[in-house]
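The values are calculated or read from the model by the stated rules, or taken from the named source; none is laboratory data. Nothing here was measured: the structure is a model prediction, and the numbers come from that model. All Cβ positions, even for glycine, are placed from backbone atoms using ideal geometry, and neighbour counts span all protein chains on display.
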Amino acid sequence: MSLILAIETSCDETAAAVVENGHRIRSNIVASQIELHRPYGGVFPEVASRQHVFDIVPVIARALSEAGVDWADLTALAVTAGPGLAGALLVGVNTAKAIAWSRSLPLVAVNHLEGHLYSNWLDEGDRLTTAALTRPTLPELDAAGQAFPLLVLIVSGGHTELVLMTGHGQYRRLGATLDDAAGEAFDKVARLLGLGYPGGPAIQQAATSGDPTAFDFPRALTTQPEHRFDFSFSGLKTAVLRQVREFGETALPVADLAASFQAAVVDVLIAKTADAAAEFGVGRVCVCGGVAANRALRAALADRLPGAVSIPPLFLCTDNAAMIAAAGHYRLHRPGPTGLDFDVEPDLALPVEA
Amino acid sequence: METYEWTCETESAEATRAIGARLGQLLRNGDVLALIGDLGAGKTVFTQGVAEGLGIRVPVTSPTFVLINCYRAADGRVLQHADCYRLTAASAEMWDIGLTDLMVDDQILIIEWADRILDLLPTARLEISLTYLDANRRRLVCRAHGAHYIELLRQIACTDTGHTVPELTDVACA
């Protein structure tokens, strides 16, 4: 049995988790979601390297105690080495190195995006009814030699990427956004429409009473062969802005604008994902990242993709350490522990097969 | 500190990008560029031009969520691309995550929504305010603070970017 403690501090969240055999979550702690013993009161910044310093030790202690494990039970440590903010990454990486050195544990450096890919490999142990899981699970398919090739759509505030997994640690980056990420477009259009933050749920709510065909917003890069699997949402944002300006002082048809915008995003995501799934003959598509919570996207994935679709629960779609542990589990097997002499890599790219 | 201002209007996203590209060719390590402008004003398009001018070949994507993106040009120059849009206490948060550590001699720093962190910026800098005029047209007001940036701006203002639009509309030395 492998038992991995993972640490994730690449951006806003301080997170630690213990995962068994690469898929069973024993604990999954995210600092912003629990009451920690805060060193001071007042308003907390959304992002701060110092906050990671304050939170990292209690978060790790909580991850171990909730999992019911001791240092001696651990097989290895995994930590996010990049991409992300240098100062934030340093807190996690140096903490992990210190623990690995003092406890003589192997340490695996993990790419944050690789972590997102592996969020699909996690189950929730005893806390989820089996009916909610797509059966067979990816680890089960993997054991039967049927997991790959696997297509993964990462769609969040910071990323929009299509990745083909041909094996563990073997990726092809098929395409990515050339400007704004899909989640960012939701947030910025929500602001243009005077809706709240975060923009994803606000747009979704406003769109329920709107007509998705009311405005013909652009579906970018759907006809250019060299950008067949790339995305662009900046022009869509500007198209909504133009439409809003055209209304001037007149009351905005917010519901129709929101529904039409959402339909444009979903159309592009689905069209490119379906195209890639067909091109590479994948049996299953995994979707991860915060935008995977969007109901219109989920409905379209179910209706318009021919094969099986896996979407992890929302708490695994946002930044967390369980996914880093899952990726670390497979990296520990191959290529093996990273050692202690690696550095943080703020601009780290997803490792691609040669 | 001496300030020099130059205003131009661009007729298309390509023209905005072209001015950025011209600037990118002229930038040297240690330069700090402050971009100011509302959603859709063209800040990211302008930055994509700067990166193009620097010889960066990978797509420059929005750093709104990840806050800072880092790019390496073929000649070794490093472009740090930061964005204060989503921060509520932008100065404190950007300071805490180390933005001021990037204002060093061996990197180029470009910041979107820089008006939110003016107190963090060096007094010598190039400020570019972008305004939405219509679907395609944007106004760029460039303010150079300090001799180095004034020279930089003079060179951009005197250069034909290949687009006929960006003409000199206002030159003021204060």
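Worth a mention:
- Criterion (of a type in the set (Gly, Ala, Ser) and not in a helix (DSSP H, G or I)) met by exactly one of A:72, A:98, A:61, A:78: A:78
- Close contacts from segment A:75-90, counting a first residue that is in contact (Cβ under 8 Å) with a residue 12 or more places away in the chain and a second that is among the hydroxyl-bearing types (Ser, Thr, Tyr), with Cβ to Cβ under 6 Å and a gap of 6+ residues or different chains, come to A:75/A:2; A:80/A:10; A:84/A:10; A:87/A:49; A:88/A:9; A:88/A:49; A:89/A:10.
- Qualifying residue in segment A:274-297 (condition: surrounded by fewer than 16 Cβ atoms within 10 Å (Cβ to Cβ), among the acidic types (Asp, Glu) and over 21 Å from residue A:172 (Cα atoms)): no
- Screening B:126, B:121 for residues that are touching a residue at least 60 places away in the same chain (Cβ under 8 Å), buried (at least 23 other Cβ atoms within 10 Å of the Cβ), more than 23 Å from residue A:245 (Cβ to Cβ) and touching a strand residue (DSSP E or B) at 6+ places or on another chain (Cβ under 7 Å) leaves exactly one candidate, B:126.
- Members of segment B:27-48 that are surrounded by fewer than 22 Cβ atoms within 10 Å (Cβ to Cβ), touching an Asp or Glu at 6+ places or on another chain (Cβ under 9 Å) and among the hydrophobic types (A, V, I, L, M, F, W, C): B:36
- Candidate set: segment A:155-178, residues that are out of contact with any Gly (no Cβ under 8 Å at 6 or more places or on another chain) and charged (D, E, K, R); chosen: the one nearest to residue A:270 (Cα to Cα): A:173
- Of A:236, A:221, all but one fail to be touching a helix residue (DSSP H, G or I) at 6+ places or on another chain (Cβ under 7 Å), under 25 Å from residue A:275 (Cβ atoms) and modelled with pLDDT of 95 or more; the exception is A:236.
- Test set (1) buried (at least 19 other Cβ atoms within 10 Å of the Cβ); (2) under 23 Å from residue A:275 (Cα atoms); (3) in contact with an Asp or Glu (Cβ under 7 Å, 6 or more places away or on another chain) - residue A:210 fails condition number: (2)
- Checking A:90, A:64, A:77, A:85 one by one, the residue that is within 22 Å of residue B:83 (Cβ to Cβ) and touching a strand residue (DSSP E or B) at 6+ places or on another chain (Cβ under 8 Å) is A:85 and no other.
- Those residues of segment A:149-163 which are away from every other protein chain (no Cβ under 14 Å) and β-branched (Val, Ile, Thr), in sequence order: A:152, A:163
- Matching residues, segment B:137-150, being touching a helix residue (DSSP H, G or I) at 6+ places or on another chain (Cβ under 7 Å) and within 14 Å of chain A (Cβ to nearest Cβ): B:138
- Selection within segment A:175-211 - assigned to a helix (DSSP H, G or I) and facing another protein chain (nearest Cβ under 10 Å): A:183, A:184, A:185, A:187, A:188, A:189, A:191, A:192
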